[in-house]
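Visitor: This structure is in C-alpha coordinates; I'll ask about it shortly.
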Amino acid sequence: MGPFPITLTRHILQAQAAYPGATGEFSALMAQIGLAGKMIASDLRRAGLINILGYTGDTNVQGEAVKKLDEIANEIFVKVFQHSGLVCALASEEMEKPVKLEENWPKGKYMLLYDPLDGSSNTDVNMPLGTIFSVLRFEGKGGLPSDAELVRVGTEQVAAGYLMYGSSTMLVYTAGHGAHGFTLDPGVGEYLLSHEHIRMPAKGKVYATNEGNYHKWPAGTQRYVDYLKTQDSDGERPYSGRYSGCLAADVHRILLGGGVYLYPAETDKPEGKLRLLYEANPLAMVVEQAGGRASTGVEPILSIKPKAVHQRVPLVIGSREDVEIAEGFIQGHRTS
Ligand code: AFP
(Lines give C-alpha, C1' and ligand atoms only; values in the text may rest on other atoms or scores of the structure.)
Protein backbone atom coordinates (compact mmCIF):
# COMPACT_ATOMS: atom_id res chain seq x y z
CA MET A 1 0.00 0.00 0.00
CA GLY A 2 1.35 3.47 -0.85
CA PRO A 3 1.39 6.44 1.53
CA PHE A 4 -1.76 6.64 3.66
CA PRO A 5 -4.28 8.86 1.78
CA ILE A 6 -5.05 12.29 3.20
CA THR A 7 -8.78 12.78 3.77
CA LEU A 8 -10.56 16.14 3.51
CA THR A 9 -10.99 16.31 7.27
CA ARG A 10 -7.34 15.52 7.99
CA HIS A 11 -6.18 18.09 5.41
CA ILE A 12 -8.28 20.81 7.05
CA LEU A 13 -7.26 19.87 10.60
CA GLN A 14 -3.59 19.87 9.59
CA ALA A 15 -4.02 23.29 7.98
CA GLN A 16 -5.90 24.59 11.02
CA ALA A 17 -3.20 23.32 13.39
CA ALA A 18 -1.26 26.36 12.21
CA TYR A 19 -4.05 28.61 13.53
CA PRO A 20 -4.26 28.83 17.30
CA GLY A 21 -7.82 28.97 18.51
CA ALA A 22 -9.15 27.01 15.52
CA THR A 23 -12.13 25.25 17.01
CA GLY A 24 -12.56 22.48 14.46
CA GLU A 25 -15.91 23.98 13.49
CA PHE A 26 -14.65 24.79 10.00
CA SER A 27 -13.50 21.22 9.38
CA ALA A 28 -16.90 20.03 10.60
CA LEU A 29 -18.56 22.49 8.21
CA MET A 30 -16.51 21.22 5.28
CA ALA A 31 -17.27 17.61 6.25
CA GLN A 32 -20.98 18.45 6.15
CA ILE A 33 -20.60 20.02 2.70
CA GLY A 34 -18.85 16.82 1.65
CA LEU A 35 -21.74 14.77 3.08
CA ALA A 36 -24.27 16.84 1.11
CA GLY A 37 -22.15 16.24 -1.99
CA LYS A 38 -22.15 12.46 -1.43
CA MET A 39 -25.93 12.46 -1.04
CA ILE A 40 -26.45 14.57 -4.18
CA ALA A 41 -23.99 12.39 -6.13
CA SER A 42 -25.89 9.29 -5.01
CA ASP A 43 -29.20 10.71 -6.30
CA LEU A 44 -27.60 11.83 -9.57
CA ARG A 45 -26.05 8.37 -10.14
CA ARG A 46 -29.52 6.79 -9.93
CA ALA A 47 -31.57 9.67 -11.40
CA GLY A 48 -32.60 7.78 -14.52
CA LEU A 49 -33.57 4.74 -12.46
CA ILE A 50 -35.73 6.21 -9.75
CA ASN A 51 -37.78 8.46 -11.98
CA ILE A 52 -36.65 11.71 -10.36
CA LEU A 53 -35.91 13.20 -13.75
CA GLY A 54 -38.00 15.81 -15.36
CA TYR A 55 -39.81 18.80 -14.00
CA THR A 56 -41.89 19.45 -10.91
CA GLY A 57 -44.06 21.81 -12.90
CA ASP A 58 -43.16 24.64 -10.51
CA THR A 59 -41.13 27.69 -11.38
CA ASN A 60 -38.57 29.19 -8.99
CA VAL A 61 -38.07 32.83 -8.00
CA GLN A 62 -36.05 33.33 -11.20
CA GLY A 63 -39.02 32.19 -13.27
CA GLU A 64 -37.10 29.11 -14.37
CA ALA A 65 -38.72 25.70 -14.57
CA VAL A 66 -37.58 23.81 -11.47
CA LYS A 67 -36.37 20.27 -11.95
CA LYS A 68 -36.92 17.76 -9.20
CA LEU A 69 -33.18 17.42 -8.73
CA ASP A 70 -32.77 21.15 -8.05
CA GLU A 71 -35.22 20.87 -5.18
CA ILE A 72 -33.77 17.61 -3.92
CA ALA A 73 -30.24 19.05 -3.89
CA ASN A 74 -31.44 22.17 -2.10
CA GLU A 75 -33.37 20.16 0.48
CA ILE A 76 -30.28 18.01 1.14
CA PHE A 77 -28.32 21.11 2.08
CA VAL A 78 -31.07 22.43 4.34
CA LYS A 79 -31.44 19.08 6.13
CA VAL A 80 -27.67 18.51 6.47
CA PHE A 81 -27.18 21.89 8.14
CA GLN A 82 -30.27 21.99 10.33
CA HIS A 83 -29.25 20.96 13.87
CA SER A 84 -25.60 20.89 12.75
CA GLY A 85 -24.78 23.65 15.23
CA LEU A 86 -22.54 25.19 12.58
CA VAL A 87 -24.54 27.45 10.27
CA CYS A 88 -26.97 30.20 11.28
CA ALA A 89 -28.17 31.13 7.77
CA LEU A 90 -28.46 29.55 4.30
CA ALA A 91 -28.96 31.33 0.98
CA SER A 92 -29.60 29.31 -2.18
CA GLU A 93 -30.41 29.88 -5.83
CA GLU A 94 -33.49 27.73 -5.17
CA MET A 95 -34.83 29.78 -2.26
CA GLU A 96 -36.19 33.31 -2.76
CA LYS A 97 -35.38 34.30 0.83
CA PRO A 98 -32.43 33.14 2.97
CA VAL A 99 -33.30 30.59 5.65
CA LYS A 100 -32.22 31.32 9.26
CA LEU A 101 -31.40 28.24 11.35
CA GLU A 102 -32.54 29.28 14.85
CA GLU A 103 -31.84 25.78 16.17
CA ASN A 104 -28.12 26.39 15.54
CA TRP A 105 -28.07 29.79 17.23
CA PRO A 106 -26.02 31.19 18.96
CA LYS A 107 -23.28 28.56 18.36
CA GLY A 108 -23.46 28.50 14.57
CA LYS A 109 -21.25 31.32 13.38
CA TYR A 110 -21.08 30.44 9.67
CA MET A 111 -23.39 31.44 6.82
CA LEU A 112 -23.53 29.30 3.69
CA LEU A 113 -24.53 30.51 0.22
CA TYR A 114 -24.80 27.90 -2.51
CA ASP A 115 -26.08 26.85 -5.88
CA PRO A 116 -27.17 23.33 -5.01
CA LEU A 117 -27.28 22.02 -8.55
CA ASP A 118 -25.36 23.97 -11.16
CA GLY A 119 -25.87 22.94 -14.77
CA SER A 120 -29.45 21.74 -14.33
CA SER A 121 -29.93 21.48 -18.10
CA ASN A 122 -27.60 18.44 -17.90
CA THR A 123 -29.58 16.33 -15.43
CA ASP A 124 -31.64 14.35 -17.95
CA VAL A 125 -28.76 13.71 -20.35
CA ASN A 126 -26.12 12.41 -17.95
CA MET A 127 -23.77 15.33 -18.48
CA PRO A 128 -21.65 16.90 -15.68
CA LEU A 129 -23.27 18.84 -12.84
CA GLY A 130 -21.93 20.74 -9.85
CA THR A 131 -22.61 22.40 -6.53
CA ILE A 132 -20.98 25.76 -5.79
CA PHE A 133 -20.62 27.10 -2.23
CA SER A 134 -19.43 30.22 -0.42
CA VAL A 135 -18.78 30.48 3.34
CA LEU A 136 -19.07 33.68 5.38
CA ARG A 137 -18.63 34.24 9.10
CA PHE A 138 -21.36 36.06 10.99
CA GLU A 139 -19.71 38.36 13.50
CA GLY A 140 -22.94 40.03 14.57
CA LYS A 141 -23.99 40.33 18.18
CA GLY A 142 -27.51 39.80 19.42
CA GLY A 143 -29.95 37.89 17.26
CA LEU A 144 -29.79 35.92 14.04
CA PRO A 145 -28.27 37.59 10.96
CA SER A 146 -30.44 39.80 8.80
CA ASP A 147 -30.69 38.99 5.08
CA ALA A 148 -28.34 41.92 4.47
CA GLU A 149 -25.63 40.12 6.48
CA LEU A 150 -25.41 37.56 3.66
CA VAL A 151 -24.87 40.21 0.97
CA ARG A 152 -21.12 40.69 1.44
CA VAL A 153 -18.21 41.58 -0.83
CA GLY A 154 -16.33 38.54 -2.16
CA THR A 155 -13.09 39.31 -0.29
CA GLU A 156 -14.98 38.61 2.96
CA GLN A 157 -15.51 34.93 2.11
CA VAL A 158 -13.70 32.73 4.64
CA ALA A 159 -13.88 29.74 2.29
CA ALA A 160 -15.35 28.75 -1.07
CA GLY A 161 -15.39 25.89 -3.50
CA TYR A 162 -17.42 23.51 -5.58
CA LEU A 163 -18.34 19.86 -5.98
CA MET A 164 -18.24 18.39 -9.45
CA TYR A 165 -20.31 15.34 -10.32
CA GLY A 166 -18.53 13.98 -13.36
CA SER A 167 -16.82 10.71 -14.16
CA SER A 168 -15.80 10.96 -10.50
CA THR A 169 -17.09 13.19 -7.71
CA MET A 170 -14.61 15.88 -6.74
CA LEU A 171 -14.57 18.56 -4.09
CA VAL A 172 -12.35 21.60 -4.65
CA TYR A 173 -12.07 24.24 -1.92
CA THR A 174 -9.97 27.09 -0.60
CA ALA A 175 -9.87 28.65 2.86
CA GLY A 176 -7.48 31.35 1.67
CA HIS A 177 -4.37 29.17 1.79
CA GLY A 178 -4.27 27.64 -1.67
CA ALA A 179 -6.86 25.69 -3.66
CA HIS A 180 -7.01 21.95 -3.10
CA GLY A 181 -8.87 19.13 -4.85
CA PHE A 182 -10.25 15.92 -3.35
CA THR A 183 -11.66 12.92 -5.18
CA LEU A 184 -14.40 10.83 -3.61
CA ASP A 185 -13.44 7.21 -3.13
CA PRO A 186 -16.89 5.62 -3.25
CA GLY A 187 -15.46 2.44 -1.76
CA VAL A 188 -14.73 4.11 1.58
CA GLY A 189 -17.01 7.15 1.21
CA GLU A 190 -14.13 9.57 1.85
CA TYR A 191 -12.79 12.49 -0.17
CA LEU A 192 -9.07 11.83 -0.66
CA LEU A 193 -6.55 14.57 -1.51
CA SER A 194 -5.79 14.29 -5.22
CA HIS A 195 -4.81 17.84 -6.28
CA GLU A 196 -2.93 19.72 -3.53
CA HIS A 197 -2.07 23.41 -4.10
CA ILE A 198 -3.57 23.65 -7.58
CA ARG A 199 -1.62 26.14 -9.77
CA MET A 200 -3.24 27.35 -13.00
CA PRO A 201 -1.15 27.79 -16.15
CA ALA A 202 -0.72 31.55 -16.85
CA LYS A 203 -2.32 31.01 -20.23
CA GLY A 204 -4.29 28.16 -21.76
CA LYS A 205 -5.61 26.93 -25.11
CA VAL A 206 -9.27 26.31 -24.22
CA TYR A 207 -12.23 28.67 -24.13
CA ALA A 208 -15.70 27.94 -22.76
CA THR A 209 -18.71 30.07 -23.72
CA ASN A 210 -22.15 29.68 -25.25
CA GLU A 211 -21.50 30.95 -28.78
CA GLY A 212 -25.21 30.76 -29.48
CA ASN A 213 -25.31 34.12 -27.70
CA TYR A 214 -22.68 35.71 -30.01
CA HIS A 215 -25.21 38.02 -31.63
CA LYS A 216 -26.18 39.39 -28.20
CA TRP A 217 -22.63 40.33 -27.22
CA PRO A 218 -21.16 43.83 -27.42
CA ALA A 219 -18.59 44.29 -30.20
CA GLY A 220 -15.55 44.00 -27.88
CA THR A 221 -16.63 40.57 -26.66
CA GLN A 222 -17.36 39.43 -30.21
CA ARG A 223 -13.89 40.60 -31.26
CA TYR A 224 -12.27 38.70 -28.38
CA VAL A 225 -13.90 35.37 -29.26
CA ASP A 226 -13.11 35.96 -32.97
CA TYR A 227 -9.49 36.54 -31.88
CA LEU A 228 -9.41 33.21 -30.00
CA LYS A 229 -10.57 31.42 -33.15
CA THR A 230 -8.09 33.14 -35.51
CA GLN A 231 -4.98 31.18 -36.51
CA ASP A 232 -1.78 32.94 -35.43
CA SER A 233 1.82 32.42 -36.54
CA ASP A 234 3.17 30.90 -33.29
CA GLY A 235 0.61 28.15 -32.90
CA GLU A 236 -1.05 29.58 -29.79
CA ARG A 237 -4.38 30.13 -31.57
CA PRO A 238 -6.99 28.98 -32.42
CA TYR A 239 -8.09 27.84 -28.98
CA SER A 240 -10.27 24.75 -28.60
CA GLY A 241 -13.91 25.26 -27.67
CA ARG A 242 -15.07 23.21 -24.66
CA TYR A 243 -18.51 24.07 -23.18
CA SER A 244 -20.52 21.65 -21.03
CA GLY A 245 -23.42 23.82 -19.86
CA CYS A 246 -22.16 23.40 -16.28
CA LEU A 247 -20.13 26.33 -14.96
CA ALA A 248 -18.42 24.26 -12.26
CA ALA A 249 -17.33 21.60 -14.76
CA ASP A 250 -16.07 24.14 -17.31
CA VAL A 251 -14.17 26.11 -14.65
CA HIS A 252 -12.74 22.86 -13.24
CA ARG A 253 -11.26 21.95 -16.63
CA ILE A 254 -9.77 25.45 -16.90
CA LEU A 255 -8.53 25.45 -13.28
CA LEU A 256 -6.45 22.33 -14.00
CA GLY A 257 -5.45 22.96 -17.62
CA GLY A 258 -5.68 26.70 -18.19
CA GLY A 259 -7.89 28.78 -20.50
CA VAL A 260 -10.90 31.05 -20.08
CA TYR A 261 -14.65 30.75 -19.37
CA LEU A 262 -16.99 33.59 -20.31
CA TYR A 263 -20.61 34.25 -19.54
CA PRO A 264 -20.38 37.89 -20.67
CA ALA A 265 -22.62 40.92 -20.46
CA GLU A 266 -25.17 41.01 -23.29
CA THR A 267 -26.50 44.14 -24.99
CA ASP A 268 -29.99 43.55 -23.51
CA LYS A 269 -28.72 41.90 -20.31
CA PRO A 270 -25.72 43.97 -19.09
CA GLU A 271 -25.81 42.08 -15.77
CA GLY A 272 -25.25 38.75 -17.56
CA LYS A 273 -26.71 35.46 -16.30
CA LEU A 274 -24.55 34.10 -13.48
CA ARG A 275 -25.09 34.89 -9.79
CA LEU A 276 -22.53 36.92 -7.89
CA LEU A 277 -22.85 35.59 -4.33
CA TYR A 278 -23.02 31.83 -4.91
CA GLU A 279 -21.45 31.31 -8.36
CA ALA A 280 -18.99 34.08 -9.36
CA ASN A 281 -17.60 34.95 -5.89
CA PRO A 282 -16.77 31.40 -4.77
CA LEU A 283 -15.24 30.41 -8.11
CA ALA A 284 -13.30 33.68 -8.22
CA MET A 285 -11.80 32.92 -4.78
CA VAL A 286 -10.76 29.40 -5.83
CA VAL A 287 -9.33 30.52 -9.19
CA GLU A 288 -7.41 33.48 -7.74
CA GLN A 289 -5.98 31.24 -5.00
CA ALA A 290 -4.68 29.04 -7.86
CA GLY A 291 -3.05 32.06 -9.57
CA GLY A 292 -5.89 32.83 -11.99
CA ARG A 293 -8.13 35.88 -12.40
CA ALA A 294 -11.87 36.60 -12.37
CA SER A 295 -13.63 39.77 -13.47
CA THR A 296 -16.80 41.07 -15.07
CA GLY A 297 -14.56 41.99 -18.03
CA VAL A 298 -14.26 45.42 -16.42
CA GLU A 299 -13.84 45.02 -12.64
CA PRO A 300 -12.57 42.23 -10.36
CA ILE A 301 -15.38 39.97 -9.18
CA LEU A 302 -14.17 39.83 -5.58
CA SER A 303 -14.37 43.58 -5.04
CA ILE A 304 -17.92 44.09 -6.32
CA LYS A 305 -20.12 45.59 -3.60
CA PRO A 306 -23.24 43.42 -3.85
CA LYS A 307 -26.78 44.80 -3.50
CA ALA A 308 -28.96 41.68 -3.49
CA VAL A 309 -28.72 37.95 -2.76
CA HIS A 310 -29.64 36.83 -6.30
CA GLN A 311 -27.71 39.59 -8.07
CA ARG A 312 -26.30 38.59 -11.48
CA VAL A 313 -22.89 39.57 -12.92
CA PRO A 314 -21.01 39.03 -16.17
CA LEU A 315 -18.13 36.58 -15.65
CA VAL A 316 -14.76 36.20 -17.34
CA ILE A 317 -12.67 33.70 -15.35
CA GLY A 318 -9.56 31.59 -15.92
CA SER A 319 -5.83 31.90 -16.56
CA ARG A 320 -4.50 35.33 -15.60
CA GLU A 321 -3.12 36.26 -19.03
CA ASP A 322 -6.22 35.01 -20.84
CA VAL A 323 -8.55 37.06 -18.65
CA GLU A 324 -6.33 40.16 -19.03
CA ILE A 325 -6.44 39.85 -22.83
CA ALA A 326 -10.23 39.40 -22.69
CA GLU A 327 -10.53 42.54 -20.55
CA GLY A 328 -8.46 44.46 -23.12
CA PHE A 329 -10.94 43.59 -25.86
CA ILE A 330 -14.06 44.06 -23.73
CA GLN A 331 -12.85 47.48 -22.52
CA GLY A 332 -11.96 48.53 -26.08
CA HIS A 333 -8.17 48.87 -25.52
CA ARG A 334 -7.51 45.99 -27.94
CA THR A 335 -8.98 45.12 -31.30
CA SER A 336 -6.55 42.32 -32.24
P1 AFP B 1 -28.62 26.18 -14.82
O2 AFP B 1 -28.13 25.53 -13.55
O3 AFP B 1 -29.86 27.00 -14.65
O4 AFP B 1 -28.68 25.20 -15.97
O5 AFP B 1 -27.52 27.24 -15.22
C6 AFP B 1 -26.24 26.73 -15.44
C7 AFP B 1 -25.37 27.94 -15.62
O8 AFP B 1 -25.56 28.82 -14.58
C9 AFP B 1 -23.92 27.54 -15.71
O10 AFP B 1 -23.64 26.42 -14.96
C11 AFP B 1 -23.72 27.29 -17.16
O12 AFP B 1 -22.40 27.54 -17.60
C13 AFP B 1 -24.68 28.29 -17.79
O14 AFP B 1 -25.71 28.55 -16.84
C15 AFP B 1 -25.32 27.70 -19.01
O16 AFP B 1 -26.16 28.73 -19.50
P17 AFP B 1 -26.60 28.64 -21.03
O18 AFP B 1 -27.45 27.41 -21.12
O19 AFP B 1 -27.33 29.92 -21.28
O20 AFP B 1 -25.33 28.53 -21.84
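Visitor: From the set of residues in segment 241-254 that are within 7 Å of the ligand (Cβ to nearest atom) and outside any loop (DSSP other than H, G, I, E, B), which is nearest to the chain's Cα centre (by Cα)?
Guide: Ala248
Visitor: If you don't mind, there's one more thing I want to ask. Taking into account only those residues within segment 104-122 that are more than 16 Å from the ligand (Cβ to nearest atom) and modelled with pLDDT under 90, which is farthest from Ser84 (Cα to Cα)?
Guide: From segment 104-122, those more than 16 Å from the ligand (Cβ to nearest atom) are 104-112; that's our starting set.
Keeping just the survivors that are modelled with pLDDT under 90 gives 104-108.
Working: Asn104: 7, Trp105: 10, Pro106: 12, Lys107: 10, Gly108: 8 Å.
Going through the qualifying residues, I end up with Pro106.
Visitor: Conditions: (1) touching a residue at least 24 places away in the same chain (Cβ under 8 Å); (2) among the acidic types (Asp, Glu); (3) out of contact with any Gly (no Cβ under 8 Å at 6 or more places or on another chain). Glu266 meets all but one. Number of the miss?
Guide: Going through the list (1) touching a residue at least 24 places away in the same chain (Cβ under 8 Å); (2) among the acidic types (Asp, Glu); (3) out of contact with any Gly (no Cβ under 8 Å at 6 or more places or on another chain), Glu266 breaks only (3).
Visitor: Taking the criterion of being at pLDDT 95 or above, buried (at least 23 other Cβ atoms within 10 Å of the Cβ) and under 19 Å from Ala47 (Cα atoms), would at least one residue in segment 130-152 satisfy it?
Guide: yes
Visitor: Moving on to the next point. I'd like the full set of residues that are more than 12 Å from the ligand (Cβ to nearest atom) and in contact with a Phe, Trp or Tyr (Cβ under 9 Å, 6 or more places away or on another chain), limited to segment 255-281.
Guide: Matches in segment 255-281: Gly259, Val260, Ala265, Thr267.
Visitor: Looking at segment 201-216 only, could you name the residues that are more than 10 Å from the ligand (Cβ to nearest atom) and part of a helix (DSSP H, G or I)?
Guide: Looking only at segment 201-216, we keep the residues that are more than 10 Å from the ligand (Cβ to nearest atom), and these are 201-207, 214-216.
Scanning segment 201-216 gives Tyr214, His215, Lys216.
Visitor: Can you find, within segment 155-172, the residue that is surrounded by the most Cβ atoms within 10 Å (Cβ to Cβ) among those that are in contact with a strand residue (DSSP E or B) (Cβ under 8 Å, 6 or more places away or on another chain) and over 24 Å from Asp185 (Cβ atoms)?
Guide: Among those that are in contact with a strand residue (DSSP E or B) (Cβ under 8 Å, 6 or more places away or on another chain) and over 24 Å from Asp185 (Cβ atoms), it is Gln157.
Visitor: Would you check which residues across segment 67-103 are over 16 Å from Leu29 (Cα atoms), within 16 Å of the ligand (Cβ to nearest atom) and touching a helix residue (DSSP H, G or I) at 6+ places or on another chain (Cβ under 7 Å) and list them?
Guide: Lys67, Leu69, Asp70, Ile72, Ala73, Ser92, Glu93, Glu94, Met95
Visitor: Across segment 144-185, which residue is nearest to Met200 (Cα to Cα) among those that are part of a loop (DSSP other than H, G, I, E, B) and without any contact (Cβ under 8 Å) to a residue 12 or more places away in the chain?
Guide: For segment 144-185, the residue satisfying everything is Ser167.
Visitor: If Lys216 passes every condition in (1) within 24 Å of Gln331 (Cβ to Cβ); (2) modelled with pLDDT under 95 but one, which one does it miss?
Guide: Of (1) within 24 Å of Gln331 (Cβ to Cβ); (2) modelled with pLDDT under 95, only one is false for Lys216: (2).
Visitor: Test Pro314 against the criterion of being buried (at least 23 other Cβ atoms within 10 Å of the Cβ) and either assigned by TED's automatic domain parsing to the domain that holds Tyr214 or within 23 Å of Asn213 (Cβ to Cβ) (or both), and give yes or no.
Guide: yes
Visitor: Provide a single number: the residues in segment 277-336 that are outside any loop (DSSP other than H, G, I, E, B), hydrophobic (A, V, I, L, M, F, W, C) and over 16 Å from the mean Cα position of the chain (by Cα).
Guide: Qualifying residue count, segment 277-336: 5.
The values are calculated or read from the model by the stated rules, or taken from the named source; none is laboratory data. Quantities reported herein were computed from a predicted structural model and do not represent experimental measurements. In this analysis, Cβ positions are derived from the backbone assuming ideal geometry, glycine residues included, and neighbour counts consider all displayed protein chains.
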